[in-house]
1. So what is the relative contact order for chain A, in percent, with contacts set as C-alpha pairs under 8 Å and at least six apart?
2. Run the numbers on the stretch B:171-283 and let me know its relative contact order in percent, using alpha-carbon pairs under 8 Å that are six or more apart.
3. Angle, helix A:159-171 long axis vs. longest principal axis of chain A, Cα atoms, 0 to 90°, nearest 10?
4. Tell me, how many Å apart are the Cα centres for the stretch B:83-154 and for the stretch A:29-60?
5. Rounded to whole Å, give me the distance from the Cα center of the stretch A:175-224 to that of the stretch A:122-169.
6. If amide H atoms are built 1.01 Å from N in the plane of the peptide, which residues on other chains or at least 5 residues away come under 5 Å of the amide H of A:E368?
7. Taking only the C-alpha atoms, wrap a convex hull around the stretch B:75-169 and report its volume per residue in Å³ as a whole number.
8. What full-extension length gain, to one decimal in nm, is calculated for B:Q379 and B:L125 as 0.36 nm per residue of separation minus the Cα-Cα distance?
Amino acid sequence: MSEEEAPDSRVCIGVSFGNSYSSIAYTAADGKTEVIANEDGDRQIPSILSYVSGEEFNGNQAKAQLVRNPENTVVCFRDFLGREFKDIDPTPCHTSAHPISQDSTIAFNICDDDSGNAHPVSISTITTRHLARLKASASDYLGRNVTHAVLTVPTNFTPAQQEALKACAAEAKISILHFIHEPISSLLAYDARSPDTASPSDKNVVVVDIGATRSDVTVVASRGGIYTILATQHDYDTAGTQLDSVLIDHFAKAFLQKHKTSTDPRTTPRSLAKMKLECENVKKHLSLSTSATFSVESLVSGLDFTLTINRSRYELLASKHFQALGRLVLAGVTKAGLDPLDVSEIVMAGGSSHTPRIASAIAALFPEETRVFSPATDNNAVNPSEAAARGAAIQASLIAEFEEKDIEESVHAVVTSTPHLEATVGLVGAGDSFLPVVLKDTPVPVRKTVTVAAPKDGGDVLVRIAEGERAIDVTVAEKVEKKTNGAKTDDEDSDEASESDDEPEEIRKVVWKATKPVAEAGVAGVKKGGKVEVQISVHADLTVHVQIREVGGKGGVRGTVEASS
Amino acid sequence: MPHTFTLPSLPEGWSADKNFKAIGSLSKPSQRIIEPVGPHFLAHARRKRHKRTFSEDERIQAQNNVKKTEDDDEGDISEPEDPVMLQRDAKDWKGQDHYAVLGLSKYRWRATEEQVRKAHRKKVLKHHPDKKAAAGGSEDDSFFKCIQKATEILLDPTKRRQWDSVDEAADVEPPTKKETQKGNFYRLWGRVFDAEGRFSRNQPVPKLGDENSTKPEVEDFYNFWYTFDSWRTFEYQDEDVPDDNENRDQKRHVERKNANARKKKKTEDTARLRHLVDDALALDERIKKFKQAEHAQRNKKRLEREAEEKRVAEEAVKAKEAAARAAVEKAEAEKAGKAETKKAKEAAKNAAKKNKRVVRGAVKEANYFAGAGDAPAKQVEAVLNEVDLIITKIDNEELAGLKAKLDGKTKAEEIKGIFAEEVKRLVGAGTLKEGEAKVLA
C-alpha cells in the first residue's frame, strides 16, 4: 500500500481579464513566464461569448459571430460586473447583445440554449463562463488543473466589483489569491526581467495602457522595487475602437466613391460588423508592416471591396487621437506633481500600444533619456498585450506558496498604508551642489547607501545631510556650453539632467537645491583620493540614522536625528 | 554615477560631539498606499508584519535560506533500513524492492528522478564497501550492489516502467463490498484508482470525485477507465533467456514462452482492471442517482399528461353526476305538481257537485215555482230538466257564480228572477237557444 501524500497541488496562473481581450500566463518553477495560448492558438483571447443554438463559443470564434449572430453575442462585459444598470455605459455593446437591468444587477437578453427563446442571463453567469473557459485553456495547456489565480483589475475597480469578480471566479472553481492593478502588473513584467532585480533603482514610471475601450495612464513611483501610484487618468473616448472607427470611416468613404449608388456600409449592422472586424485586422497589420489591405467580401448587397492603405495615411487620419493620448499622458504627469523631466521610464501596455506612432508621439513629449518600452521603440519590449498577464503570473509565482491568511494580512492597509517622504533627502557637496539620495515619494522605512568622493587632497571632510528640492532650469539655447552646465548640475539621475534636442529654442534641465539642513558630520583624516560611504536610514517614525565611514577605513561616524514632534 | 560630486572639506572651527550634530528634522510625510505587488513589497510586508529592521530581516532570511537547503538534503532518506534487506544477495536483484533499497518506499512510482539521484547518493555514502572496511567490518559489498542495481533500474525510464509494472507494493487492493457500504466508497476506491492510474499513458488521470461530482465528470471518469490505455508490461517477470550460443532452439523456446507469458499476463491484467471498474461502477451511488434523475426527467412529461387526463376524466364524471341529480330533482318536482293538480281537480269536481246540488236545491226551495202547495209532477220534471240543461251549459265558474247568487235566497220570485236572468245571459251568449228554457225564462 502506498500512502497518498498530498503534494502541493496548487497551480496558480496570472490572468489579465480585460474588457475586450483576456490573456493567461504561467510562471514555471524555473522562473520563465509563458503566455498560454487557448485551443485556437490565440494568446489574446477576446472576452466574448457567443451562443448558437445552445453551443457556446468563446474567444475569436465568438468574435466571428458578431457578423452573423450579434444578438446572442456578449462583448465588453468586464466593466459591467458589480455595477448597477444606471452606472454603466452600454455604448460598447451597441452592436451586440444589449445589457438590461435585472434585480440590481445587469443581464443580457440572449438565447443560450437550444430552446430558441431569449432570456436574461446575468452578468455574473457570463463572467463565470468566460473565466471557466480561460481556466480550461490553461489547464489543458499545463496538463494540471488550475486552482488559483492572480487577477489584474483596473486601478478604479471598486471593492464591490472585486467582490463580484471573486464570486464569479469561485463559481468557475478558481480561487483568487490576489487582485493586482493592471499598470502595476505591466510594470512588474518589465522590472522582473531587468538585470538589477536585487536592488532596483529609484525611478518614476508612467504606465500607458491603451486598450480597446479605454485608455489609462498611471504614474508610479518605484522606490527600491516598491511601487506607489501617484496619479491615474482614465479616458473612455480615446482607445482602440476609436482608431478602428477612423479606418472604418476612411474605407466607407472610399467604398461610396467607387459605388456611388450603393448604400453606406456603416448604416447596415452586418456591413458595419464586417468592417469593424476587418479594420481591427488592418490596424494590427499596420503596426507590423507599412501597408495593409482591407478586403471584405460582400460588404454591401453582394459588392466586394478591397483597398490598400499605407501606414502614413493611417497616421494622418488618426493623428487627432494620437495627440489626445499625448495630452492624457501629460495630464497624468502633471496631476502627480511631476514634470516630464522626472519621468525616467514609460511602459506601454494594452493592444493599441503596438501602433508605432502612439509610442513615438508619447516619446516626443519626454526628454530623450526617458526610455519608452513599446515594440516600436524598444526591440526587447514585452508584448504590450501580454504585459499585464505576465506581471500577474510573476506575482502568482511569488505568492503561490503563501497561506491565504498570510496574503490577506500582507495586503491589509496596516501594511500597505505607509508614510512617504515629502521631500528628497540628500547630501550637500562642494559649491552647494546637492546629491539626492532618498527621493521624494519614497515609502519609509528606507535605507540607502551612497559612496561619494572626498576632496582630492583628502583630509577632514564635512558631510552635510539636507532636504532638497528639484527645480527646472530653463535656458534659451543659443550658445550653451554643455560641459560647464553639466558640472554644476550633477545629479544622481544624470540621465534626466541634460538637454533635449526636440526643442532647440529652450533647454530645460533639472537643478537640485538644498532647502532645509538636517544634520552635519565630520570625517577626519580621509586619504588622498579616498571615498566616503554614507548610509541614510529613515525609520517609519521619520527618525534618521546616519552612518558614515571612509571606504576601506576603520571606525566612522554614527548619529541619529529625531523626528519633529 | 556621481563622479563629479565631491564632499567639501571640513571648515575651520567645526566641532561636534562624536563628530555628529543634528540640525533639523525631516518634513512631515504624506500617507500613501503602496501597491502590494512584487518581490520587494513582499520583503517590506515581512519586515512590517514581524516588526523587523532591514538588517534583522536580512539576517533571518539568510538563516532561513540556509536551513531550507539542509532540510532538503535530509528529508528524502529518513526511512529505517530493514536488516533483512541489508543481507540481500545482489544476484537475486529481481526479487528486491528497488524503492525500499533506496529508502523511497514512501514515494514509489511518484519519486522523481531527482529524488532517486539524491537517495542513491545518500545510500552510497553510507554503504560503500570502503566505508564498511574502514569501520572494521567485512568487505561484503552485496548490499552496495543492490543499491547500484536499484539505481540502474530506477534511472532508466524503460527499466523503471518494467519494474513499476510489477511493483506489487504500490498496488492498492480494491475494497470489499462490505467496506464500501460504510460510506467509505469515495475514499477507498479513490485510492485504488489513483494507484491504477499510474499505468495510464494519458495523464492527468481523472479523479473519482465525491458525491457532489456532476454527471459529465462521472461519465468522463468511467469512460476513461473503460478505454484505459495502459503501458503496463510484464517483461520484468520474464524467465531468463539462456545466454549461450550453443543451444539456439532452447533460447528461442524460452523467448517464445516469455512472449506468450507476457501476452497472457497483459490480457489478465486488462480483464482484472475491467472487472475492477465494473465493481466500482456497480457500487457507485452516483450512477443510481443520475439514472433516477434521468428517469424522473423522462417521465416528467408523461406524468404531467396523465395527471391532466385524470383531471379531465374526473371533471366529466362530476358533471355527469350533477346532471343526474338535477334530472331526479326535476322528476320529483313534476310528480308533486301532478298530485297537486289532481287534488285541485277533485276539489273543483266536488265543488261543482255541491254547486249543482245547491242550484237544484234552490228550485226545490222555490217549490218548483208552483206557488203554494204541492207542485205537480210535470212542473217538477220540467223545472228540473231545465235546471240540468242550464247546468250542463255553464262551466264550473259560472256555476259557482250562480250558486253564490242563489245562496240564502228562499223566496220563489227571487230564485226565479235569478234563473231567468241566467237563461237570458245564456241566450244572449248564444249557448242556449230561445225557447229551450221556457219554464225558467
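Quick note: the coordinates plus some simple rules give every number you see, no bench work behind them. Just so it is clear, the model here is predicted, and its values are computed rather than measured. In this analysis, Cβ positions are derived from the backbone assuming ideal geometry, glycine residues included, and neighbour counts consider all displayed protein chains.
1. Numbers: 1170 pairs, mean separation 66.2, N = 565.
Computed over chain A, the figure is 12 percent.
2. Numbers: 77 pairs, mean separation 26.8, N = 113.
About 24 percent, as a whole number.
3. For A:159-171 against chain A, the angle is about 60 degrees.
4. 49
5. Going from one Cα centre to the other spans 21 Å.
6. For A:E368, the qualifying residues are A:D501.
7. Working: hull volume 9.0 nm³, N = 95.
Dividing the Cα hull volume of the stretch B:75-169 by its residues yields 94 Å³.
8. Details: separation 254, 0.36 × 254 = 91.44 nm, distance 17.29 nm.
Separation in residues times 0.36 nm, less the Cα-Cα distance, equals 74.1 nm.
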